[in-house]
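Reading through the C-alpha cells given below for one structure.
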Amino acid sequence: MEETTLNNDIHVKLTEKFGEKVTAISEPYGLLTFVTYKDVIINVLSFLKNDLSFNFLTDITAVHYPGKDHGIAVVYHLHNMVGKVRIRIKVFISEQNPTIPTATTIWKGANWMERETYDLFGVKFEGHPDLRRILNMDDLGVHPMLKQYPLEDPNRVDKKDEFFGR
Amino acid sequence: MSEINIVDAPPGIEGSGFFATSFDKVIGLARSNSLWPLPFATSCCGIEFMATMGSHYDLGRFGAERLSFSPRQADVLMVMGTIAKKMAPVLKQVYIQMAEPRWVMAVGACASSGGIFDTYSVLQGIDEVIPVDVYVPGCPPRPEAILDGFQRIQDLVKSESGRRRNSDYYKELLGQYGIK
C-alpha cells in the first residue's frame, strides 16, 4: 500500500509541474510508468533528479515499433535510492529522424548508455560528447536491433535450407 | 626403476657410434615435444582448458609446461571460446605477432563455427580471420578432447617440413587471409 501512495504522490507532483506533457500514466507491477515528449524530457529528468530524489539513472534503452508514426520509444529507468522507488519514462520519437537531447548533462553515467542505444537503435542523442559505436565493430553499417535487420549472421552457410531438404 | 618416458628416436640410419637422420625429423621431434601454447580463452572452453592445465589432466606431460600469455616465443595459438566480430582484429593481431613456425587450434563449437551464436555480432568460426590447423569439437569439449587436439598438433609439428613457411601452399594460404 505504501508503494502506491508514494507513486500517487510522484504522479501528482509531475502533473502539477508538467500538465499535459506527462501522459499515459500506468502502474504495471507497481512500477510507475509514463510517456513524455522530447522537448521536455530534460526538464522532466532534472525535476525527477533534483526535486524528487531520483538520483540514480539505472538504464537508457529503446524499443522499435515498426510501421508506427513515432516508431522508436526511448526508455529511461530511474531509481530513488533514498525512498527505494523506481520509475520508467518513455519518449516516442520519429523513426525517420530519431533525435533526442542527451541526458549526459544531468548524469555522467548516461554517456555509455546513450552510446549503446545509438549503436543498437540508431538514436542520435543531440549534444552527446562522443557518440560512437560501443558494442559492435565500427564498420557494421546498420543498427542491428531495428527490426528490419535479421539477427542471424548471413555469412553462415551451414544452415541453408538446401542442406535440410527445404 | 625410472618412470621417466623418453621419446623414441626418429627413423634414421644407425651404426656403432653414429646415428644419421634428417634435420626436419630432429627439429620436428624437438619442436613437437616443447610446444609453448598461447591460450586465448574467452568463455566456457577456457574453463575446461584450465582443468586441462591442472594436475589431474596435466598438459605439462606433453612438454607444454610453460603457457605463454604473450605472442612472444609462443608457437601454438589455442583459441577457446566465442569470438565477437569486434574481437576479430585483436585475435588476428595476436596471430600475426607470433613468430613462425606457429600453429592454431580452435577449441569448441564457438571458435570452430560460431556455435549456437548464429548472430550478427559473433564471428562464425575463427577460420574467417586466421588459418586453423586443428579443430576440437564439443560444447565445451572435455579436457581429454583438448589433449587429443593437442596431440594432433604434435603429430603435425613432427611430420611437417621445417621449411613449411617457405612453401607456396603456405604462402597462398596466408595470402587468403591478407597476412604476409
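What is the gain in length, in nm to one decimal, between residue A:63 and residue A:130 on full extension, counting 0.36 nm per residue of separation less the C-alpha to C-alpha distance? List each step's numbers first, then the result.
On the way: separation 67, 0.36 × 67 = 24.12 nm, distance 2.22 nm.
Roughly 21.9 nm would be gained on extension.
Shape analysis of chain A places it in the prolate category; the axes a ≥ b ≥ c from the Cα gyration tensor give an a/c of at least 1.5, with a/b above b/c.
By the gyration tensor of its Cα atoms, with a ≥ b ≥ c the square roots of the eigenvalues, what is the shape of segment B:45-147: rounded for a/c under 1.5, prolate for a/b over b/c, or oblate? Oblate, because a/c is 1.5 or more while a/b does not exceed b/c.
In plain terms, the residue of A:113, B:80, B:53 with the fewest other Cβ atoms within 10 Å comes first and the most crowded comes last, giving B:53, A:113, B:80. Please list, in order, the residues from segment A:67-100 whose amide nitrogen is less than 16 Å from a point placed 7 Å along the Cα→Cβ vector of residue A:29. Hits in segment A:67-100 for residue A:29 at 16 Å: A:76-79, A:85-89.
Classify chain B: rounded, prolate or oblate, from the alpha-carbon gyration tensor (a ≥ b ≥ c, eigenvalue square roots; a/c under 1.5 rounded; otherwise prolate if a/b is larger than b/c)? Oblate shape, in that a/c is at least 1.5 and b/c is the bigger or equal ratio. Bridgeable lysines around residue B:85 (alpha carbons under 23 Å apart, same-chain partners fewer than 8 residues away excluded): A:147, A:159, A:160, B:180. Largest GNM mean-square fluctuation among A:115, A:88, A:156, using chain A with Cα springs under 10 Å: A:156. Restricting to DSSP loop positions (anything but H, G, I, E, B) with no more than 15 other Cβ atoms inside 10 Å of their own Cβ, which trypsin sites (Lys or Arg not before Pro) remain in segment A:13-85? For trypsin sites (Lys or Arg not before Pro) across segment A:13-85 that sit outside H, G, I, E and B with at most 15 neighbouring Cβ atoms in 10 Å, the list reads A:68, A:84.
Cβ-to-Cβ counts within 10 Å put A:82, B:90 in ascending order as A:82, B:90, the fewest first. Across segment A:13-43, the residues whose backbone nitrogen lies under 13 Å from the label position 7 Å along the beta-carbon direction of residue A:6 are A:30-32.
I need the GluC sites (Glu not before Pro) found in segment A:1-91, filtered to DSSP loop residues with at most 14 other beta carbons within 10 Å of theirs.
The qualifying sites: there are none.
The chymotrypsin sites (Phe, Trp or Tyr not before Pro) of segment B:65-147 meeting both criteria, a DSSP state outside H, G, I, E and B (loop) and at most 14 other C-beta atoms within 10 angstrom of the site's C-beta, are B:69. Counting only lysines at least 8 places from residue A:21 when in the same chain, those with an alpha carbon closer than 27 Å to its own are A:13, A:38, A:49, A:68, A:84, A:90, A:108, A:124.
Reducing segment B:155-180 and segment A:57-117 to their Cα centroids gives an inter-centroid distance of 52 Å. Calculated [222 nm] ellipticity per residue, helices only, for the protein assembly as shown: -9000 deg cm²/dmol; basis is -39500 (n - 2.57) per DSSP H run with n ≥ 4, divided by all residues, nearest 500.
Laboratory data are not the source of any read-out in this text; all were calculated from the coordinates shown. Source: prediction; values computed, not measured. Neighbour counts run over all protein chains shown; Cβ positions are idealised from the backbone, glycine included.
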